[in-house]
Amino acid sequence: MHESLRIDGARLLERLRSLGELGALPGGGVCRLAFSEEDAWGRERVIGWMKALGLEVSMDAMGNVFGLRPGREPGPPVMTGSHIDTVRTGGLYDGTLGVLAGLEVVETLNEAGMTTQRPLCVAFFSNEEGSRFAPDMMGSLVYVGGMALEEALATKGIDGERVADCMQAVGACGEQAVGRPDVHAFVELHIEQGPVLEESGITIGAVERVQGISWTELTFTGVSNHAGTTPMRMRRDAGHAAMATGAFVRELVTRIGGDQVGTVGALALSPNLVNVVPNCATLTVDLRNTDNDQLTRAERELGEFIDALAEREGIQVESRQLARFDPVPFDPAMVDRVESCASALGHSVMRMPSGAGHDAQMLARVCPTSMIFVPSVNGISHNIEEFTESADLEAGANVLLQVMLDLSR
């Protein structure tokens, strides 16, 4: 370890605030949906910082961006990074911390006049959130060969726009080919997005695994009718089916228990009028678990409930899978590195799972991978009130610095 090296916490915080100005929301937070104009502004700013630090910048055909710092020897780089796109009501730290802390590592090494043996790379991946285009983690999934580029480019978003057209409009179509990369190791710094670290009084989380994710879109089709004159026994109420499904998801995950969670995150009724029985309802169900068998059980029971509900209520149902990823364990030696580096710097550290999906779980398909978590105040994320204390941001970036130096030998 190069224990005398430390990142500049104030400089990291200033970059976070500067990037947060692009797509800023009233009252705080930010909205930079993937391949939007605001996302394009963010891309331009981060690429400018990369070039100012002397990194060799490239962009692939999925819009993923890489800043390479050569080492004393050629070969696969030690990579870090995350994403800069956000949900519609995002905070300043989700994803962006991992990218900008990587730049801070580079600037710290530049100031120290230090050249690592292996090359280093700072990356940001496209459409990690999946808020506009499903699935989430699309850019890193294409990068590692888990999704065909053509399929990703043809994907239509919640606004009906195609990925390819939006990428073209914001200048995110790079010339570099996509495919399975040659990466020595990948480490991602991220806010926890949950309450565990803060509740435990721990500064650093050494992430051992990422839980599996299942996203499903359900569309119920019934018959519109007068809300006052249609007897309950004669209704084919799509809205009722949606509400019953939402209640069942809560009952299901409570019954399974353990790490099982479930969310109905989007809901739309048509014609959406106070005095009309809805003829159409569309909702999304997000199921997650660290145990793939339990996640599969939850999916199966949800499907059985939906089939029975549709038959009982006399309505039609269409199901579309938006995303499905198995739980991902991280490389044990990489997790050990995070834990040992954090301890050597004097930080409290605990091993833990991640409840959210991250680009790191995609990179784990092709190279040794780990993650570093820092606390989220009150466990809040995907919210304009998302916040992490500056001391914790700095602590996480210093652990990232030491882990990358260790891996770059």
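The values are calculated or read from the model by the stated rules, or taken from the named source; none is laboratory data. Worth saying up front: this structure is predicted, and the values here are computed from it rather than measured. Because the Cβ atoms are built from the backbone with ideal geometry, glycine has one as well, and the counts that use them run over all protein chains shown.
Are any of the residues in the stretch 18-40 buried (at least 19 other Cβ atoms within 10 Å of the Cβ), of a type in the set (A, V, I, L, M, F, W, C), farther than 25 Å from GLY130 by Cα and in contact (Cβ under 8 Å) with a residue 12 or more places away in the chain?
No, the stretch 18-40 has no match at all.
Considering only the stretch 227-251, how many residues are of a type in the set (A, V, I, L, M, F, W, C) and buried (at least 19 other Cβ atoms within 10 Å of the Cβ)?
Summing the residues that are of a type in the set (A, V, I, L, M, F, W, C) and buried (at least 19 other Cβ atoms within 10 Å of the Cβ) in the stretch 227-251 gives 4.
In the stretch 55-71, is there at least one residue being in the same structural domain as PRO368 (by TED's automatic domain parsing), in contact with a helix residue (DSSP H, G or I) (Cβ under 7 Å, 6 or more places away or on another chain), farther than 24 Å from ALA148 by Cβ and part of a loop (DSSP other than H, G, I, E, B)?
Checked the stretch 55-71: at least one residue is in the same structural domain as PRO368 (by TED's automatic domain parsing), in contact with a helix residue (DSSP H, G or I) (Cβ under 7 Å, 6 or more places away or on another chain), farther than 24 Å from ALA148 by Cβ and part of a loop (DSSP other than H, G, I, E, B).
Quick check, is SER126 modelled with pLDDT under 95, within 23 Å of ARG324 (Cα to Cα) and among the hydroxyl-bearing types (Ser, Thr, Tyr)?
For SER126, the condition - modelled with pLDDT under 95, within 23 Å of ARG324 (Cα to Cα) and among the hydroxyl-bearing types (Ser, Thr, Tyr) - is not met.
Under 7 Å between Cβ atoms, at least 6 apart or on separate chains: pull out the pairs that start in the stretch 246-268 with a residue that is under 11 Å from ALA298 (Cα atoms) and end on any residue that is of a type in the set (Asp, Glu) and assigned to a helix (DSSP H, G or I).
Listed pairs, sorted by first residue: LEU252/GLU301.
Could you run through the stretch 148-191 and say how many residues are among the aliphatic types (A, V, I, L, M) and without any contact (Cβ under 8 Å) to a residue 12 or more places away in the chain?
Selection size over the stretch 148-191: 3.
Return yes or no: is HIS358 in contact (Cβ under 8 Å) with a residue 60 or more places away in the chain, in contact with a strand residue (DSSP E or B) (Cβ under 9 Å, 6 or more places away or on another chain), over 17 Å from VAL210 (Cα atoms) and assigned by TED's automatic domain parsing to the domain that holds MET138?
no
Quick one: is ALA395 in contact (Cβ under 8 Å) with a residue 40 or more places away in the chain, in a helix (DSSP H, G or I) and within 15 Å of LEU100 (Cα to Cα)?
Here the answer is yes, as ALA395 does meet what is asked.
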